[in-house]
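Beneath this line is the structure, given in structure tokens, with notes to follow.
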Amino acid sequence: MKYALFALANEATGEIINAYVQDCNVDIFEGIGHVAFTHDIQEAKHFDSTIAAMEYWKRQSRVRPKRPDGRPNRPLTAYTMSIETV
């Protein structure tokens, strides 16, 4: 069984996403990160387990590991996610 991350919304902006994570680079743009989304679950990034999906979601930037408030910089955690079965 495979799993995919489904982004519901961006918590910081309130933007509704409703799409699957296709790719994410947490180090690009000086650690701000960039996420590519898709509406096609077959084009989404697939994971072998829910644990692997959660670990991907919680990845910390190596370029800027801390936010200005001192907490870990994990760009994908700005999004409310669910894990869907592919």
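Each reported figure results from applying straightforward, stated rules to the coordinates on display, with no laboratory input. What you see is a predicted model, and the numbers here were worked out from it, not measured in a lab. Quick reminder, even Gly has a Cβ in these numbers, built from the backbone with ideal geometry, and neighbours come from all protein chains shown.
List of remarks:
- Calculated from backbone phi, Karplus (6.51, -1.76, 1.60) coupling profile of the range 7-15 in Hz, x at Gly/Pro: 8, 8, 7, 8, 5, 5, 9, x, 5
- Positive minus negative residues near residue 62 (Lys, Arg vs Asp, Glu; Cβ under 13 Å): +2
- Think of the range 3-85 as having a plus end and a minus end, set by charges on the Cβ of Lys, Arg, Asp and Glu; of 82, 22, 32, 32 sits farthest toward the positive end of this dipole.
- Local net charge near residue 37, Cβ-Cβ under 15 Å (Lys/Arg +1, Asp/Glu -1): -4
- Unit charges on C-beta of K, R, D, E only; dipole of the chain, Debye: 440
- Label-to-label distance, nm, for residues given as residue 10 and residue 58 (7 Å Cα→Cβ offset): 2.4
- The calculated FRET efficiency for residue 25 paired with residue 1, based on their beta-carbon distance and R0 = 35 Å, is about 0.85.
- Structure-based [θ]222 nm, the chain - -39500 (n - 2.57) summed over DSSP H runs of at least 4, per residue, nearest 500: -3000 deg cm²/dmol
- Put simply, the amide H of residue 33, placed in the peptide plane, has neighbours under 5 Å in 28, leaving out anything fewer than 5 places away on its chain.
- Separation of the residue 42 and residue 74 label points, Cα + 7 Å toward Cβ, nm: 3.3
- Residues in the range 76-86 carry Karplus couplings, in order, of 5, 6, 6, 9, 6, 10, 10, 9, 10, 7, 8 Hz; the curve used is 6.51 cos²θ - 1.76 cosθ + 1.60 with θ = phi - 60°, and Gly or Pro positions show x.
- Taking amide H as placed 1.01 Å from N in the peptide plane, the amide H of residue 19 sits under 5 Å from that of 7, each at least 5 places away or on another chain.
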